[in-house]
Each structure stands twice: as C-alpha cells, then as structure tokens.
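Report on one structure; see the data block that follows.
We did not get these values from a lab; they are worked out from the coordinates using the rules stated. Here the structure is a predicted model, which is why all the values come from computation and not from measurement. Cβ sites come from the backbone with ideal geometry, for glycine too, and all protein chains shown count toward neighbours.
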Amino acid sequence: MRQPLPFITVLSLLAACGAAVAQSVSTAAEPPPPPPVPYFGKADLNGDVSLDGQDLGLFVDAWREFHETQALTTAADFDESGAIDILDAVFFIGEWLRVRQPTTAATVP
Ligand SMILES: [Ca+2]
C-alpha cells in the first residue's frame, strides 16, 4: 500500500513551483507578462476562472484537512479516487505550470 506523502513534502513541491514562477517573472529588462489567460480547468478551486494563489491555498487546505480528519473536499480530489493524495498534487502542479508556461512568439518569415 502506498504511503501518503507528508504534508510538508507536498507543500515544498508547491512552494518550488511558486519559486520557479517568481524567478521567471523577476528577471530584469523583460517586458511585463501578458494578462492571465482564463482558466476553465478543475484546478480552479474557487471558480473565478483563474488558477492562482487562492486555488493553491484551497488545495493545501483540502490536503491538510483530508490528512488530519479524513474529510474529503471533493473539488480537490481531481482524479476522484476518494482521497486527496500525491496524484491530485501532481495534477495541480501540472496545471499550475502549464498555465504559466510562456507562450512562444510567432516568428515572422
Ligand atoms: Ca481560481
């Protein structure tokens, strides 16, 4: 049987995602990032059509609540397994990174 990852491990993974995004944004002499693209995926836990720190906070809360009390926040159980586990965290991180992936500028022939 698979052991759940400790909360601190998942939190570290999520923090690393945030740090990577912050590092990519903080480089000097770059134009400001484009406005956020609307997000309609399952990781938008507060339903505001955006995947941001509020959703990250809700996911971390759901993770902690599940692992402390077994209370399931179904919206954060992305794979509908009946548990909020590493697979849900991987889904959230993947969506987080995909949304923040820089778009490639069109090349002019
Ligand atoms: Ca949201």
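Points worth noting:
- Cut-off 10 Å between beta-carbons: net charge of the residues surrounding E95, Lys and Arg +1, Asp and Glu -1: +1
- Computed from the C-beta positions of L97 and A29, the FRET efficiency with R₀ = 25 Å rounds to 0.55.
- Extending 7 Å from the Cα toward the beta-carbon at both Q54 and F40 defines two label points whose distance is 2.0 nm.
- Taking other residues whose beta carbon is less than 15 angstrom from the beta carbon of V49, and scoring Lys, Arg as +1 and Asp, Glu as -1, yields -4.
- Segment S12-E80, length gained on full extension (0.36 nm per residue, minus Cα span): 22.1 nm
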